Every structure is written in structure tokens, then in C-alpha cells.
Amino acid sequence: MSQYPPIRIVRPDQFDRGTAQTPGSERRAAIAADNGIDTALWGGIFVVEPGAKTGIHHHGKQETIAYVLEGDCAVRWGERGEFSAAAHAGDFIHVPAWLPHMEINPSKIAASSGSLCEAPRSRS
């Protein structure tokens, strides 16, 4: 038996759609404790359908890094979404812990999708 934990490969057909959801998008968990992986991280993909937007939400103590795989994404943040930025395929997005935010797909035709990695914020 090795002293090292194994590397895990999670294929798309193994993604878990039963993970926490925000109306307006679909999250599919790949790397998560609920998938039998001993980790405090959450990694997966999310899809925002054409013309859809999520409600304002936060990820609690989880900091989030998102990578826009395809399409365009408008991001709004603040208590009422009073701040905004646009992200496009190839861009990274950092969402601090506890930050109220929402994702919007401005396209009426194409879905917007991205890859997410969330980790508990550690305080030194």
C-alpha cells in the first residue's frame, strides 16, 4: 500500500448533478467529498442557459475561481448586484468568500459554461 493518496480522474459521465444548485444555472460536481474524494475543495462545471441569470447568492466560506470555457458571462455583485463586469471564453473570475453575486448569460442563442474550483478560505 502506498503512502500517497491516489490521483482521481472524474469523467463527464461521473459528474454529479445532485450538488447544490442556484436557480438559473446548473452545476455538475466532479471533485467533491460527496463524490467519495477526500478533499475540502469543490471542482466542477456550471452552465447558464441562453438569456438566463442566477439569483444573487454567495458561496459562504468558499472562495471561488471560475474559468469561462465558452460563451460570455456578465457578473454582477454587491447586495443588489450594483457592480458589474463582463467575462468571455478564456477569462478567469475570482469570487471572494461571502460575496453576493450573480451570473448572467447575455446571449439569447448560446449557453455560457465554465469550470469552477472552490476552496474554504483559510485565515492565517
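The values are calculated or read from the model by the stated rules, or taken from the named source; none is laboratory data. Keep in mind the model is a prediction, meaning the values are calculated, not measured. Every residue, glycine as well, gets a Cβ built from its backbone with ideal geometry; the counts of neighbours run over all protein chains shown. Ligands, DNA and RNA are excluded from the accessible area calculation, which covers all protein heavy atoms including side chains. Shrake-Rupley method; radii C 1.70, N 1.55, O 1.52, S 1.80 Å.
Here are the numbers for this structure:
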{"item": "Accessible area (Å², 1.4 Å probe, nearest 10) - H101", "result": "0"}
{"item": "R80-A111 FRET efficiency (beta carbon distance; Förster radius 25 Å; 0.05 resolution)", "result": "0.45"}
{"item": "Highest-MSF residue in the chain out of I56, I109, I93 [GNM, Cα springs under 10 Å]", "result": "I109"}
{"item": "Accessible-area order (highest first, 1.4 angstrom probe) of the listed residues S84, S113", "result": "S84, S113"}
{"item": "The chain, dipole about Cα centre (Lys/Arg Cβ +1, Asp/Glu Cβ -1), debye to the nearest 20", "result": "160"}
{"item": "Per residue, in Å², the accessible surface of the chain once ligands and nucleic acids are set aside, probe 1.4 Å", "result": "63"}
{"item": "Residues whose placed amide H lies under 5 Å from that of I31, excluding near-sequence neighbours", "result": "G43, G44"}
{"item": "HN-Hα J in Hz across segment 44-54 - Karplus 6.51, -1.76, 1.60, θ = phi - 60°, x for Gly and Pro", "result": "x, 10, 9, 10, 10, 5, x, x, 8, 8, 8"}
{"item": "Relative contact order for the chain, counting Cα pairs under 8 Å that sit 6 or more residues apart, in percent", "result": "28"}
{"item": "Order of exposure, largest accessible area first, which applies to D38, D13, D72 with probe 1.4 Å", "result": "D38, D13, D72"}
{"item": "Residues whose placed amide H lies under 5 Å from that of H59, excluding near-sequence neighbours", "result": "W98, L99"}
{"item": "The chain - percent of accessible surface contributed by carbon and sulfur, probe 1.4 Å", "result": "56"}
